[in-house]
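See below for the structure under consideration.
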Amino acid sequence: MTATFVKDVTAETFQQDVIEASAEAPVLVDFWAPWCGPCRSLGPVLEKLAGDYGGQVRVAKVNSDENLELAKQYNVRSIPDVRAFRNGREVGAFMGALPERQVRSFIDDLLHAARIDRASELVSQGRLDEAEANLKDIPENVEWNARVSALRQAIAFKRAGGSEQDLSARVTSNPEDLDSRLALAGALAARKAWREAMDQLLEIVRRNKEWKDGEARKQLLAIFTLCPDASLVSDYRRKLASALY
């Protein structure tokens, strides 16, 4: 079974067996050589774990002596050198013959990050239940806590009920209807109208900073993570700071 998930890879097959294959599952590229003692220790660990994880992660073994240009391309200077690829990009690395426990931890982090990436894709496709399932049981980690929180907020935004037109009418007729204003912000954020959504949330903060335990501020912070326009986010961070202080 393990052999199914472990391949000897050359410069000629690297594109197919690593770059393209990493769209299906993360790939660990093990740069090694026959004369390298630590490589002979690490190799069986990687192969064992490839089997233990049942195809969730794959191992590509690259003999650096026989693929000098490939090793040079990835700036391999000391072996064993392991590079992790996901969706065609290098996303992590470690050097040396780490013990199985540490390699397993490295793989676990890689798989959690892959689940977060998949959740992001599913949110953009409107497949909210599947996205939520991908985020379930993701452990706390400073490297991805903010992103997971933002994705969960994005799911909440997309599930925001009520017609945007009706909510806007309610807010216009009663500016103090903060529940409708919050729902309107959610509807706007769900269709990525970031500026308009942030305007509504900022207005809530200006009217009542502590309303619902600072919910508007929390949602603004989530949008700051979701919005791809760094200049816009910077502008609204300043506005939020002014409104708070």
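The values are calculated or read from the model by the stated rules, or taken from the named source; none is laboratory data. What you see is a predicted model, and the numbers here were worked out from it, not measured in a lab. Neighbour counts are summed over all protein chains in view; Cβ atoms, including those assigned to glycine, are modelled from backbone coordinates with ideal geometry.
This table checks each residue for (1) touching a strand residue (DSSP E or B) at 6+ places or on another chain (Cβ under 8 Å); (2) closer than 21 Å to Gln73 by Cβ; (3) among the polar types (S, T, N, Q).
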| residue | (1), (2), (3) |
| --- | --- |
| Lys7 | yes, yes, no |
| Gln16 | no, yes, yes |
| Ala21 | yes, yes, no |
| Val27 | yes, yes, no |
| Trp32 | yes, yes, no |
| Trp35 | no, no, no |
| Pro38 | no, no, no |
| Gly54 | no, no, no |
| Arg58 | yes, yes, no |
Lone unmet requirement of (1) assigned by TED's automatic domain parsing to the domain that holds Leu110; (2) surrounded by 15 or more Cβ atoms within 10 Å (Cβ to Cβ); (3) of a type in the set (A, V, I, L, M) for Ile223: (1)
Selection from the stretch 209-229 of residues that are over 23 Å from the mean Cα position of the chain (by Cα) and either closer than 14 Å to Lys192 by Cβ or among the aromatic types (Phe, Trp, Tyr) (or both): Trp211
Any hit, the stretch 108-120, residues being touching a residue at least 40 places away in the same chain (Cβ under 8 Å) and over 30 Å from Phe157 (Cα atoms): no
Single condition Ala190 does not satisfy, out of (1) touching a residue at least 24 places away in the same chain (Cβ under 8 Å); (2) within 29 Å of Ser105 (Cα to Cα): (2)
Selected residue (criterion: surrounded by the fewest Cβ atoms within 10 Å (Cβ to Cβ)) from residues of the stretch 188-200 that are among the aliphatic types (A, V, I, L, M) and over 13 Å from Ala154 (Cβ atoms): Ala193
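Conditions tested, residue by residue: (1) buried (at least 16 other Cβ atoms within 10 Å of the Cβ); (2) out of contact with any His (no Cβ under 7 Å at 6 or more places or on another chain); (3) among the hydroxyl-bearing types (Ser, Thr, Tyr); (4) at pLDDT 80 or above.
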residue	(1), (2), (3), (4)
Ser120	yes, yes, yes, yes
Arg127	no, yes, no, yes
Ala133	no, yes, no, yes
Lys136	no, yes, no, yes
Val142	no, yes, no, no
Ala146	no, yes, no, no
Gln153	yes, yes, no, no
Phe157	yes, yes, no, no
Ser168	yes, yes, yes, yes
Test for Val103: is it of a type outside the set (Phe, Trp, Tyr) and within 30 Å of Asn141 (Cα to Cα): yes
Residues within the stretch 223-245 that are outside any helix (DSSP H, G or I) and either closer than 19 Å to Ala156 by Cα or in contact with a strand residue (DSSP E or B) (Cβ under 6 Å, 6 or more places away or on another chain) (or both), tallied: 2
Residue check, Asn174 modelled with pLDDT under 85 and surrounded by fewer than 17 Cβ atoms within 10 Å (Cβ to Cβ): no
